[in-house]
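For reference, the structure is listed below as structure tokens.
The values are calculated or read from the model by the stated rules, or taken from the named source; none is laboratory data. Just so we're clear, the structure is a prediction, and the values are computed from it rather than from any experiment. Every residue, glycine among them, receives a Cβ derived from its backbone with ideal geometry; neighbour counts consider all protein chains shown.
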Amino acid sequence: MQSKPERYRGILNRIIVSSKQPSKDWQSSAAAECAEDHDRFVPRRGLRGGHVQTLAGHFLPRLNRLPAPEDRVFQVEPEIGVLCRCHWQAERTGAFTIVIVHGLEGSSESQYVRGTADKAWAAGMNVVRMNVRNCGGTEKLAPTLYHSGLSADVGAVVRTLISEDRLPRIALVGFSMGGNQVLKLAGEWGRQAPPELRAVAAICAGIDLSACADALHLWIETAKLAFADRDACYGDPRFTDVPIDTLLSRDYAAARRTLVDAEKASLELRPGLGRLPFAGAETTIVEREDAVTQAAQRQ
């Protein structure tokens, strides 16, 4: 019976991006194997929820057996470069190469990037940890900011690895925004993709960015209302009236919800309950009084 790494490597080797359309038999076989592994997945004890697994992945330490990287700047446009941290096997051209693209606000040093890189290196692969524009302390390399549409930057790195390093087998792995970029690149290249590109994998990719923006807008507008109430009602309930029951009631939440405009951002501070913040829209004052302060005041 094949070990799990061997099964995954077998699936990876069949995810080929080439000039030929994958057959239906190949698609069915790959889907069946992935479904089989999904059914076999058993979370570790205490890590059964998706949210718990996300938090554990962030806070638990990861192995780092990577050798010191070769830092290399790839020119993706005239006068615009991106920094990649490269780890090469002894026989560079004989090894599979994986290019890892991080997510929003991440970098080549993000834990999930280093964790994936460590596993790929241990499996005998070359690893290229790519920083998108302005990330990983590379602001001086590009006068423009990164965004999800810059799939061409990833493509430029891949083409350079093919033309200059003569790497015969390359896979792309993207997380979140990086996942969007690698999928977008695969779609743009389509049947014209370089034959050296063998696989594309995306993890937690933001596919519909418009829907993501709408969801963030609603969350931010709701948070504005909550922070306005915080500024207006902040205090010690032992000494001042803090209407906690009202603030946490369903009726109050329903009334506040009507103030959220799904199409437009609010520029006003709008606390409820007829209160106003103590010191204006830009300031929150917190006063603290203890025994030392009271003694000083009595003197």
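Please indicate, with yes or no, whether at least one residue in the range 124-138 is part of a helix (DSSP H, G or I) and at pLDDT 95 or above. Looking for residues that are part of a helix (DSSP H, G or I) and at pLDDT 95 or above, one finds none in the range 124-138, hence no. Of note, H51 satisfies the criterion of being under 22 Å from the mean Cα position of the chain (by Cα) and either loosely packed, with under 13 Cβ neighbours inside 10 Å or in the same structural domain as C135 (by TED's automatic domain parsing) (or both). Here G187, G174 are screened, and the one residue that is farther than 21 Å from P67 by Cα, within 12 Å of the chain's Cα centre (by Cα) and not in a loop (DSSP other than H, G, I, E, B) is G174.
Against the numbered list (1) under 30 Å from C84 (Cα atoms); (2) free of Cβ contacts under 8 Å to residues at least 60 places away in the same chain; (3) surrounded by 18 or more Cβ atoms within 10 Å (Cβ to Cβ), C233 comes up short only at (1). Does D241 satisfy the condition of being surrounded by fewer than 13 Cβ atoms within 10 Å (Cβ to Cβ), free of Cβ contacts under 8 Å to residues at least 40 places away in the same chain and farther than 25 Å from L104 by Cα? When the stated conditions are applied, D241 passes them.
For the range 72-107, a residue qualifies if it is in contact with a Gly (Cβ under 7 Å, 6 or more places away or on another chain) and not small (G, A, S), and the qualifying residues are V73, F74, Q75, L83, Q89, V101, H102. Scanning the range 63-82 for residues being surrounded by fewer than 14 Cβ atoms within 10 Å (Cβ to Cβ) and part of a loop (DSSP other than H, G, I, E, B) gives a total of 7. Evaluation of E109 against the conditions (1) buried (at least 16 other Cβ atoms within 10 Å of the Cβ); (2) in a loop (DSSP other than H, G, I, E, B) shows that the sole unmet condition is (1). Note on the range 190-220: among residues that are part of a helix (DSSP H, G or I) and without any contact (Cβ under 8 Å) to a residue 12 or more places away in the chain, the one that is surrounded by the fewest Cβ atoms within 10 Å (Cβ to Cβ) is S210. I'd like the full set of residues that are within 30 Å of V158 (Cβ to Cβ) and acidic (D, E), limited to the range 199-249. Hit for the range 199-249 is D208, nothing else.
Taken over the range 143-153, the criterion of being in a helix (DSSP H, G or I) and over 16 Å from the mean Cα position of the chain (by Cα) is satisfied by A152, D153. Number of residues in the range 39-78 that are charged (D, E, K, R) and under 19 Å from E164 (Cα atoms): the value is 4.
Considering the range 246-269, the residues that are surrounded by 13 or more Cβ atoms within 10 Å (Cβ to Cβ) and more than 22 Å from D214 (Cβ to Cβ) include one that is modelled with the lowest pLDDT, namely L269. Candidates A193, A215: the one that is at negative phi and modelled with pLDDT of 95 or more is A193.
Within the range 58-75, the presence of a residue that is acidic (D, E) and either in contact with a helix residue (DSSP H, G or I) (Cβ under 9 Å, 6 or more places away or on another chain) or not assigned by TED's automatic domain parsing to the domain that holds Q111 (or both) is excluded.
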